[in-house]
Amino acid sequence: MADKDEPVKKTDSDESKKEAPKAEKKGARENPDTNSCKQEKSEIEECQDQLTAEKDKVLRLSAEFENYKKRSSKELSEFRKFANETLLKQFLSVVDNMERAIDAAKKNGNDGKALLEGIELTYKEMQRILTAFNVVPVEAQGKDFDPVFHQAVTQQESVDHPENTVVAELQKGYLFHDRLIRPSMVVVSKAMTENETEKK
């Protein structure tokens with residue numbers, strides 16, 4: 001019969017049973033940490049995606065603003081360039097009258113010599129002002145008829161000029177910079193009929 005005071009020996013199975021719960025508890029403590037790392041990683045990636053999207057948005061807005069500045073600058077430049085167009089267009093009729101007066105004075109000979117000289121000086125000054133504002137005449141006499149720059153008033157049969165040639169300029173046209181502000185009023189040549197050719 002065994003002695004009651006003799007201590008009971010612990011077996012390996014008893015030790016393993018005690019350690020098993022500890023291992024399970026340790027594993028249970030690691031799971032929350034792993035899940036937390038995954039969540040943080042996901043949040044970081046989401047923030048990076050948002051940051052990239054915001055950067056793209058800023059770049060787009062910056063490009064749009066640059067285009068707006070260029071467009072506004074161009075529109076302002078065009079406005080300044082043609083701001084005096086209406087005034088200068090009205091001024092052209094004065095030039096027309098001066099040209100007619102010069103032609104009339106020349107036909108009268110020396111009777112209007114002083115008047116002619118005065119008118120010519122005034123005309124030259126007007127031409128200088130127009131040139132200073134980039135207003136130049138349209139070339140018409142002897143040129144091929146161009147409906148963009150010329151307005152045909154009538155046609156005239158001619159053997160001396162090819163068909164559709166400007167044979168006479170009734171009123172000058174003008175360009176303001178590269179913009180037409182008034183077409184030339186012209187007479188355009190046309191081919192002669194057979195009857196007219198035989199008469200010639």
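Of the candidates Gln156, Gln171, the single residue that is of a type in the set (S, T, N, Q), over 26 Å from Glu78 (Cα atoms) and touching a residue at least 60 places away in the same chain (Cβ under 8 Å) is Gln171. Whether any residue in segment 42-63 is over 18 Å from Leu180 (Cα atoms) and under 16 Å from the mean Cα position of the chain (by Cα) is what I want to check. Checking segment 42-63: at least one residue is over 18 Å from Leu180 (Cα atoms) and under 16 Å from the mean Cα position of the chain (by Cα).
Mind counting the residues in segment 79-107 that are among the basic types (Lys, Arg) and either under 34 Å from the mean Cα position of the chain (by Cα) or part of a loop (DSSP other than H, G, I, E, B) (or both)? If you could, list the steps in order and put the result at the bottom.
Going residue by residue through segment 79-107, those that are among the basic types (Lys, Arg) are 80-81, 89, 100, 106-107.
Restricting the remaining residues to those that are either under 34 Å from the mean Cα position of the chain (by Cα) or part of a loop (DSSP other than H, G, I, E, B) (or both) gives 80-81, 89.
Of the residues in segment 79-107, 3 are among the basic types (Lys, Arg) and either under 34 Å from the mean Cα position of the chain (by Cα) or part of a loop (DSSP other than H, G, I, E, B) (or both).
Each row is one residue, and each column tells you yes or no for (1) modelled with pLDDT under 90; (2) surrounded by fewer than 17 Cβ atoms within 10 Å (Cβ to Cβ); (3) hydrophobic (A, V, I, L, M, F, W, C); (4) touching a Phe, Trp or Tyr at 6+ places or on another chain (Cβ under 9 Å).
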| site | (1), (2), (3), (4) |
| --- | --- |
| Thr122 | yes, yes, no, no |
| Gln127 | yes, yes, no, no |
| Lys143 | no, yes, no, yes |
| Val148 | no, yes, yes, no |
| Thr165 | no, no, no, yes |
| Val188 | no, no, yes, yes |
| Thr193 | yes, yes, no, no |
| Glu196 | yes, yes, no, no |
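Any residue that is within 30 Å of Gln127 (Cα to Cα), basic (Lys, Arg) and assigned to a helix (DSSP H, G or I) - is there at least one of those in segment 67-76? Yes; the residues of segment 67-76 include at least one that is within 30 Å of Gln127 (Cα to Cα), basic (Lys, Arg) and assigned to a helix (DSSP H, G or I).
A single entry from Glu54, Glu15, Glu6 fulfils the requirement of being surrounded by 10 or more Cβ atoms within 10 Å (Cβ to Cβ) and at pLDDT below 75: Glu15. Note on segment 79-114: residues that are among the aliphatic types (A, V, I, L, M), surrounded by 15 or more Cβ atoms within 10 Å (Cβ to Cβ) and more than 18 Å from Leu170 (Cβ to Cβ) total 2.
The values are calculated or read from the model by the stated rules, or taken from the named source; none is laboratory data. Source: prediction; values computed, not measured. With ideal geometry, Cβ positions are generated from the backbone for all residues, glycine too; neighbour counts draw on all protein chains shown.
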